Amino acid sequence: MAFVIDASVVLAWLLPDERSDAAQGLLMRAVRERPRAPSLLMLEVGNALLQAERRTRLRRATRLELLDALTALPIALEPIAAEAMLRAGELAARHSLTLYDACYLELAIARSCALATFDRALCDAARKEGILLLDAGGA
């Protein structure tokens, strides 16, 4: 089953202090199924890693290693067209999400995919929009 993956899951794969069984289960699924994500995923994750370094959660060398790991992850990145951004804006307003988070939801809706996220607000919005949510076990 095709699915969209968000930054919360990717960060749970990458950051040593955020790893979980659920994140590892989704990583194994991603290797088999190659999830999708809006291209902003790279900026979101890259920024979170930079902030982790600034807060001394990571050393610089570790951040750079994690950036290499990020680029090697089997994720199909999709550009965000103007129309998609507008639809995401409507979702963001309707569900009190950030525009960034709404972009993941918009992609799941547009591609008729499930969504993998650890973000509670995004989970709630996905449920209200009729989007299947994935966990480490599959659904």
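Please go through segment 92-115 and give me each residue that is among the small types (Gly, Ala, Ser) and over 17 Å from residue 39 (Cβ atoms), ordered by number.
Step one: of segment 92-115, the residues among the small types (Gly, Ala, Ser) are 92-93, 96, 102, 108, 110, 112, 114.
92, 93, 96, 112, 114, listed by residue number.
Yes or no, residue by residue, for (1) over 22 Å from residue 135 (Cα atoms); (2) touching a residue at least 60 places away in the same chain (Cβ under 8 Å); (3) aromatic (Phe, Trp, Tyr):
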position	(1), (2), (3)
11	no, no, no
33	no, no, no
37	no, yes, no
56	yes, no, no
73	no, yes, no
99	yes, no, no
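Given the options 24, 51, name the one that is over 17 Å from residue 115 (Cβ atoms), part of a helix (DSSP H, G or I) and touching a residue at least 60 places away in the same chain (Cβ under 8 Å).
Going through 24, 51 in turn, just one is over 17 Å from residue 115 (Cβ atoms), part of a helix (DSSP H, G or I) and touching a residue at least 60 places away in the same chain (Cβ under 8 Å): 24.
What's the total number of residues in segment 27-47 that are under 16 Å from residue 69 (Cα atoms), assigned to a helix (DSSP H, G or I) and at pLDDT below 95?
Matching residues across segment 27-47 total 4.
From the residues in segment 108-125 that are buried (at least 23 other Cβ atoms within 10 Å of the Cβ) and within 13 Å of the chain's Cα centre (by Cα), which one is nearest to residue 8 (Cα to Cα)?
117
I want to confirm something. Restricting to segment 28-47 and keeping residues that are among the aliphatic types (A, V, I, L, M) and surrounded by 16 or more Cβ atoms within 10 Å (Cβ to Cβ), which single residue is farthest from residue 99 (Cα to Cα)?
This residue is 30.
For residue 71, which of the numbered conditions (1) surrounded by 12 or more Cβ atoms within 10 Å (Cβ to Cβ); (2) modelled with pLDDT under 95 fails to hold?
If we test residue 71 against (1) surrounded by 12 or more Cβ atoms within 10 Å (Cβ to Cβ); (2) modelled with pLDDT under 95, just (1) comes out false.
Just to be sure before I move on: is residue 86 surrounded by fewer than 16 Cβ atoms within 10 Å (Cβ to Cβ), among the hydrophobic types (A, V, I, L, M, F, W, C) and free of Cβ contacts under 8 Å to residues at least 24 places away in the same chain in the structure I sent? Give the derivation first.
Values: surrounded by fewer than 16 Cβ atoms within 10 Å (Cβ to Cβ): yes; among the hydrophobic types (A, V, I, L, M, F, W, C): yes; free of Cβ contacts under 8 Å to residues at least 24 places away in the same chain: yes.
Yes; evaluated as a whole, the condition is true for this residue.
The values are calculated or read from the model by the stated rules, or taken from the named source; none is laboratory data. All values reported here derive from a predicted model rather than from experimental measurement. As a convention, Cβ positions derive from the backbone with ideal geometry for all residues, glycine included, and neighbour counts pool all protein chains shown.
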